[in-house]
Amino acid sequence: MISCVNHQCAHCRSPIASDQRWVREKIYDPAPNGRDPRYYRYHAEPFAGEDISCWEKHQMEKEIARTNSFAA
């Protein structure tokens, strides 16, 4: 398990506790001087009563946006 200190989920904005599993997404800024990556963290496990995790929700939103951009 990866430990996490003072991070919040990029999807739900809730803190990620040290005992929670999480996923890190590496993003490169397309700006000419933006060569350093940024990292977004997401909850890897669903919360009680949820079917999917924040990471899975984020991936679904990206896929929907990608599909909509091709349909337009």
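Things to note:
- Looking only at residues in the range 18-37 that are over 19 Å from residue 57 (Cα atoms) and surrounded by 11 or more Cβ atoms within 10 Å (Cβ to Cβ), the one that is modelled with the lowest pLDDT is 34.
- All positions within the range 39-49 that are surrounded by fewer than 11 Cβ atoms within 10 Å (Cβ to Cβ) and under 13 Å from the mean Cα position of the chain (by Cα): 39
- Residues in the range 50-70 that are without any contact (Cβ under 8 Å) to a residue 40 or more places away in the chain and closer than 23 Å to residue 7 by Cβ were compared, and the one that is surrounded by the most Cβ atoms within 10 Å (Cβ to Cβ) is 53.
- A count restricted to the range 38-72 and to residues that are in contact with a strand residue (DSSP E or B) (Cβ under 7 Å, 6 or more places away or on another chain) and at pLDDT 90 or above stands at 10.
- The one condition from (1) under 11 Å from the mean Cα position of the chain (by Cα); (2) in a loop (DSSP other than H, G, I, E, B); (3) not hydrophobic (A, V, I, L, M, F, W, C) that residue 59 does not meet is (2).
The values are calculated or read from the model by the stated rules, or taken from the named source; none is laboratory data. From a predicted model like this one, the values you see are computed outputs, not experimental measurements. Glycine also receives a Cβ, built like all others from the backbone with ideal geometry; neighbour counts cover every protein chain displayed.
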